[in-house]
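Q: Can you read through this structure? Questions will come right after.
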Amino acid sequence: MERCVVLVDAGYLLGAAASLLAGEPARSRITVDHSALIQGLRERAEADTERELLRIYWFDGAPDRVPQPEHRRLRVMPRVTVRLGALTRSDGRWAQKGVDAAMHAELTELARNRACSDIVLVTGDGDLLPGLMSAKEHGVAVHLWAVQAADGDYNQSEDLVAEADERRVLGRSWITRAVRARDTGGVCPPQPVTRPEIAAILAAPLPEPADGRAQANRVTSRRNGSAPAVPPPGDPTAPSEDGASARRDGRAAGPTVRGVPTPKDLAGLGRAPAAGPPAPAPAATLRWSSDRGWVDRGGPGESPETAALPTLAQLTTAEQRWADREEDITAVSGDPFEVGQVFARRWRDRLSAPAHLTHLTAEYPRIPHRIDGELLRYAARFGLLAHKDDQIDEQDRYAIRAGFWREVGAPAAAESPATQD
């Protein structure tokens, strides 16, 4: 077959690009336009080999081989196949396992089956030398591509370089078409982007303190003219309903919520508070680290109307479930904020009783425990679980819930007279 195939070791390509552009091989130091990168690889391969591209194989590592958001974007691109090895942490460093073996197997299989006439290898690992030699013995021309090294020296195995039929270097000008260094603002590490929606959730009012120490703190704060301090999410000193530390069962306590939302609370979402008399003040404490939701599940902190809100699974038919899965695979990138939006859009659009939406928005910024648990389990499909303890990262949980509220609040914002003006 007069076609070419590209095998990409993503760890090498992006690590070397990070070294070149940011001075260290950490992939967190760069941002990648994967669409532009794949297009650049295709054009360069077809130009260098003078063959039509059959396919680009993207080899990378992932915790438990669960596709991360970037893998989900890549695997639905035309002519791209993603192969994942394991990503393990040892001595404080992440290491890929099984990626080299997968590349070796693909390389030899393509050559043995004569699926192509030219193979482009984007790697520097000498472990692929036997596979490269085997491909040559089957009559395949092997092109080895390197990323320009930051210090001007080789960043590839010398044996691999010597055995390749053709060798090219991807220089800085080519790399920067799709990759750029993150602006870290000097020596300080990059800080996560703050979304107004997340800030609105974190600014939810606290309940009146019941114990003497909290009362004394409140009095002191009033004397000083300052607001009482809010324990940060995950603070082991944050109180729970039973007075015990939330760390005891491995779940961090977060902000507590009292009363119905005010216009100020919903300013970030553009949604007016629900009409009608104020609802009873919920006494439950939201544990942001748990998909179990509230400490007093179904207790006095949750009204019967809220407890009766349907889950997305109850609102979804078999046909819709299939279409949802198709959309998840082909269109949802896995960004935490987007995941929350997608879930909320489906839940909102499938409601048969508009009153359900009114009951839900009256709980802002709480999400009732059954729906919240279902939301986090849905998010776990997209590789958002932290590998260390199989929990979703704190900031990701905030982003997921903020995306949920943004989508729920979108129709009301569009219908608002203030918005129309």
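Q: What does the charge count around Glu70 come to, taking other residues whose C-beta lies under 13 Å from its C-beta (Lys +1, Arg +1, Asp -1, Glu -1)? Write out the running numbers ahead of the final one.
A: Numbers: positive: Arg27, Arg72, Arg73, Arg75; negative: Asp33, Asp60, Asp335.
For residues surrounding Glu70, the net value is +1.
Q: Still on this structure, I have one more. Taking +1 at the Cβ of each Lys and Arg and -1 at the Cβ of each Asp and Glu, which of Leu87, Ser117, Val169 sits farthest along the dipole of the range 3-181 towards its positive end, judged by Cα position relative to the Cα centre?
A: Farthest towards the positive pole: Leu87.
Q: Can you bin the range 3-181 into rounded, prolate or oblate? Criterion: square roots of the alpha carbon gyration tensor eigenvalues sorted a ≥ b ≥ c, rounded for a/c under 1.5, prolate for a/b above b/c, oblate for the rest.
A: Working: a/c = 1.34, a/b = 1.27, b/c = 1.06.
Cα axes put the range 3-181 in the rounded bin.
Q: Sticking with the crude label model, points 7 Å out along Cα→Cβ, report the distance from Ala313 to Arg350 in nm, one decimal please.
A: Output for this residue pair reads 1.2 nm.
Q: Moving on to the next point. Using the per-residue mean of other Cβ atoms lying within 10 Å as a proxy for protection, in what order, highest first, do the peptides 129-139, 66-76 fall? Spell out each step's value before the answer.
A: Working: 129-139: 16.2, 66-76: 18.5.
Listed from highest to lowest mean packing, they are 66-76, 129-139.
Q: Take peptides 400-409, 326-335 and line them up by average Cβ neighbours within 10 Å, highest first, as a rough protection proxy. Before the final figure, lay out the partial values.
A: Values: 400-409: 24.8, 326-335: 14.1.
Those peptides, ordered most packed to least, come out 400-409, 326-335.
Q: Hey, another quick one. Please find the FRET efficiency linking Arg89 to Met133, where r is the Cβ-Cβ separation and R0 is fixed at 56 Å, and quote it to the nearest 0.05.
A: Details: r = 33 Å, r/R0 = 0.59.
It comes out at approximately 0.95.
Q: Same structure again: Taking the Cα centre of the range 3-181 as origin and charging only Cβ (+1 Lys, Arg; -1 Asp, Glu), how large is the dipole, in debye to the nearest 20?
A: Working: 24 positive and 26 negative charges, 172 e Å.
Dipole size: approximately 820 debye.
Q: With a Förster radius of 45 Å, plug the Cβ-Cβ distance of Ala323 and Arg168 into 1/(1 + (r/R0)^6) and report the FRET value to the nearest 0.05.
A: On the way: r = 44 Å, r/R0 = 0.97.
Efficiency computed from Cβ-Cβ geometry: 0.55.
Q: Output wanted: per-residue J couplings in Hz (rounded whole) for the range 64-77, from phi through Karplus 6.51 cos²θ - 1.76 cosθ + 1.60, θ = phi - 60°, x for Gly and Pro.
A: Calculated HN-Hα couplings, in order: 6, 6, 8, x, 7, x, 5, 5, 5, 5, 5, 6, 9, 7 Hz.
Q: Still on this model: Going by amide H atoms built from the backbone, whose H comes under 5 Å of the H on Arg55, apart from near neighbours?
A: Correct list: Val6.
Q: With +1 assigned to the C-beta of every Lys and Arg and -1 to the C-beta of every Asp and Glu, and no other charges, what is the dipole magnitude of the range 24-123 about the Cα centre in debye, to the nearest 20?
A: Working: 17 positive and 15 negative charges, 75 e Å.
Approximately 360 debye in magnitude.
A short reminder: the numbers here are calculations on the coordinates, not readings from a lab. What you see is a predicted model, and the numbers here were worked out from it, not measured in a lab. Note: ideal-geometry Cβ built from the backbone for every residue, glycine included; neighbour counts use all protein chains shown.
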